[in-house]
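The values are calculated or read from the model by the stated rules, or taken from the named source; none is laboratory data. Quick caveat, the model's predicted, so the values are computed rather than measured. All Cβ positions, even for glycine, are placed from backbone atoms using ideal geometry, and neighbour counts span all protein chains on display.
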Number of protein chains: 2
Amino acid sequence: MTTDTLSADALDLIFRDARSFNGWHDKEVTDDQIKAIYELAKMGPTSANQQPARFVWCKSQDAKERLAKHASEGNRDKILTAPVCVIIGYDLDFHEHLPWLFPHADARSWFEGDRDARRESAFRNSALQGAYLMIAARALGLDCGPMSGFDQDGTTREFFADQPNYRADWLCSIGYGDRSTIFDRSPRPEFDRFNRLT
Amino acid sequence: MTTDTLSADALDLIFRDARSFNGWHDKEVTDDQIKAIYELAKMGPTSANQQPARFVWCKSQDAKERLAKHASEGNRDKILTAPVCVIIGYDLDFHEHLPWLFPHADARSWFEGDRDARRESAFRNSALQGAYLMIAARALGLDCGPMSGFDQDGTTREFFADQPNYRADWLCSIGYGDRSTIFDRSPRPEFDRFNRLT
């Protein structure tokens, strides 16, 4: 590693100038780009390296239509017009993979028989992974449009019928955002409002 | 914005070479650094700009000791020896802030009277915010050590007694990680294992 901090331009790209998009330029996101996003996102930390997220990248017209029919009306076009829309799901049985994902402790036994603990950990850590994925996409020159207005159960049945322990949790369209379609950024809180330094 | 993608060095810094730390160099994290982390992290997207995360930055010896007593035995030193340890909490009544955080729709009404929906949204979106916070800390040259082994209820009572709708969710030590204290990185999955491209 030869840099200690990100440049101002880099911070702009992934945080300060980045926006959530609903409108997209007609420009493909390649399979290689999708895999490059994942290769970065998977490096982010999860508790005991659980990696509970399960991603379905809907890129074909057919897949996007199958997904859009479970979305709220306002979100359908945000899926159909995007180059790709990824379902961020999680595996309630992620612990079965811990023997190889976290080989230096018997982490599987921490979750065996405790479905509530698995659900909480899968939910929290797959959300972290989805955040890494969005930052990774931005870092690679793409834009994101995350969404939670959709039928989770219907989407779970539609896409995870073969994986009864997977759950669909939220969605994120990815592509090249059309800046002419967005409004001013919503306000951000001052430090003192939601932070305490003690 | 004058850059379209992050450099390889920048990607190494925030994803590929970054590691979770338990051991810390004896070097302060300043209040200004803490505020700079938040100024970046708050720019990340949350659903309807909910910003449900509530952060308590434990920097004084007294605050770290109050927190460490609620941690699992293996996590106590990871809190006490770190320059700062932040509690990532969330506000179950985040919706009360939506009139100013999301002024262009009546988003408060979507959550009024539905505590389960608020809990799910606060949990998911505060996790996203915690992920942004970790990436922001790394981007500013710091290291992170996230933890979930602690008593959430006890910590909630200890730090949020004055805010009955806040909940402590997870912890993250922040400082300058000591690379001599870490082992090899745990394995990361190949794309095909946990992804489907359709």
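Sort through B:Ser7, B:Ser72, B:Ser47, B:Ser20 and tell me the only one that's more than 18 Å from the chain's Cα centre (by Cα), at the interface with chain A (Cβ under 9 Å from one of its Cβ atoms) and among the hydroxyl-bearing types (Ser, Thr, Tyr).
B:Ser7
What's the total number of residues in region B:108-129 that are under 30 Å from B:Lys27 (Cα atoms) and out of contact with any Lys or Arg (no Cβ under 9 Å at 6 or more places or on another chain)?
Total satisfying the criteria: 1.
For region B:23-44, enumerate the residues that are facing chain A (nearest Cβ under 7 Å) and either under 25 Å from A:Pro146 (Cα atoms) or in contact with a Leu (Cβ under 7 Å, 6 or more places away or on another chain) (or both).
Within region B:23-44, B:Asp31, B:Ile34, B:Tyr38, B:Leu40, B:Lys42, B:Met43, B:Gly44 qualify.
Can you tell me which residue in region A:50-69 is farthest from the other protein chains (Cβ to nearest Cβ), limited to those that are over 20 Å from A:Phe21 (Cβ atoms) and part of a loop (DSSP other than H, G, I, E, B)?
If we take residues in region A:50-69 being over 20 Å from A:Phe21 (Cβ atoms) and part of a loop (DSSP other than H, G, I, E, B), then A:Lys69 is farthest from the other protein chains (Cβ to nearest Cβ).
Quick check: anything in region A:176-188 under 24 Å from B:Leu11 (Cβ atoms), buried (at least 20 other Cβ atoms within 10 Å of the Cβ) and under 20 Å from the mean Cα position of the chain (by Cα)?
Yes: region A:176-188 contains one or more residues that are under 24 Å from B:Leu11 (Cβ atoms), buried (at least 20 other Cβ atoms within 10 Å of the Cβ) and under 20 Å from the mean Cα position of the chain (by Cα).
How about region B:129-143: which of its residues are assigned to a helix (DSSP H, G or I) and either under 21 Å from B:Asp17 (Cα atoms) or in contact with a Phe, Trp or Tyr (Cβ under 8 Å, 6 or more places away or on another chain) (or both)?
Looking only at region B:129-143, we keep the residues that are assigned to a helix (DSSP H, G or I), and these are B:129-139.
Those that are assigned to a helix (DSSP H, G or I) and either under 21 Å from B:Asp17 (Cα atoms) or in contact with a Phe, Trp or Tyr (Cβ under 8 Å, 6 or more places away or on another chain) (or both): B:Gly130, B:Ala131, B:Tyr132, B:Leu133, B:Met134, B:Ile135, B:Ala136, B:Ala137, B:Arg138, B:Ala139.
So, in region A:88-128, exactly how many residues are assigned to a helix (DSSP H, G or I), free of Cβ contacts under 8 Å to residues at least 12 places away in the same chain and more than 9 Å from every other protein chain (Cβ to nearest Cβ)? Walk me through how you get there before you give the answer.
Applying the first criterion (assigned to a helix (DSSP H, G or I)) to region A:88-128 yields A:94-101, A:108-111, A:115-128.
From what is left, the residues that are free of Cβ contacts under 8 Å to residues at least 12 places away in the same chain are A:99-100, A:109, A:116-117, A:120.
Next cut, more than 9 Å from every other protein chain (Cβ to nearest Cβ) only: A:99, A:109, A:116-117.
Within region A:88-128, residues that are assigned to a helix (DSSP H, G or I), free of Cβ contacts under 8 Å to residues at least 12 places away in the same chain and more than 9 Å from every other protein chain (Cβ to nearest Cβ) number 4.
Quick one: in region A:152-175, which of the residues that are of a type in the set (A, V, I, L, M) and under 26 Å from A:Gly23 (Cα atoms) is surrounded by the fewest Cβ atoms within 10 Å (Cβ to Cβ)?
A:Ala168
Could you give me the residue pairs with C-beta distances under 6 Å whose first residue belongs to region B:170-184 and is outside any helix (DSSP H, G or I), whose second residue is charged (D, E, K, R) wherever it lies, and which are 6+ apart or on separate chains?
Pairs that qualify, where the first residue is outside any helix (DSSP H, G or I) and the partner is charged (D, E, K, R), are B:Ser173/B:Lys78; B:Tyr176/B:Lys27; B:Gly177/B:Asp143; B:Ile182/B:Arg19.
Can you tell me which of A:Pro164, A:Pro146 is outside any helix (DSSP H, G or I), at pLDDT 95 or above and at the interface with another protein chain (Cβ under 7 Å from one of its Cβ atoms)?
A:Pro146
Failed condition for A:Phe15, given (1) more than 7 Å from chain B (Cβ to nearest Cβ); (2) closer than 30 Å to A:Arg188 by Cβ; (3) not β-branched (Val, Ile, Thr), with all others met?
Here A:Phe15 meets the rest and fails (1).
In region A:8-41, what residues are touching a helix residue (DSSP H, G or I) at 6+ places or on another chain (Cβ under 8 Å) and not in a helix (DSSP H, G or I)?
Result: A:Ala18, A:Arg19, A:Phe21, A:Asn22, A:Gly23.
Just give me the residues in region A:28-76 being aliphatic (A, V, I, L, M) and touching a Cys at 6+ places or on another chain (Cβ under 8 Å), in sequence order. Outline the logic, then answer.
First, the residues of region A:28-76 that are aliphatic (A, V, I, L, M): A:29, A:34, A:36-37, A:40-41, A:43, A:48, A:53, A:56, A:63, A:67-68, A:71.
The answer is A:Leu67, and nothing else.
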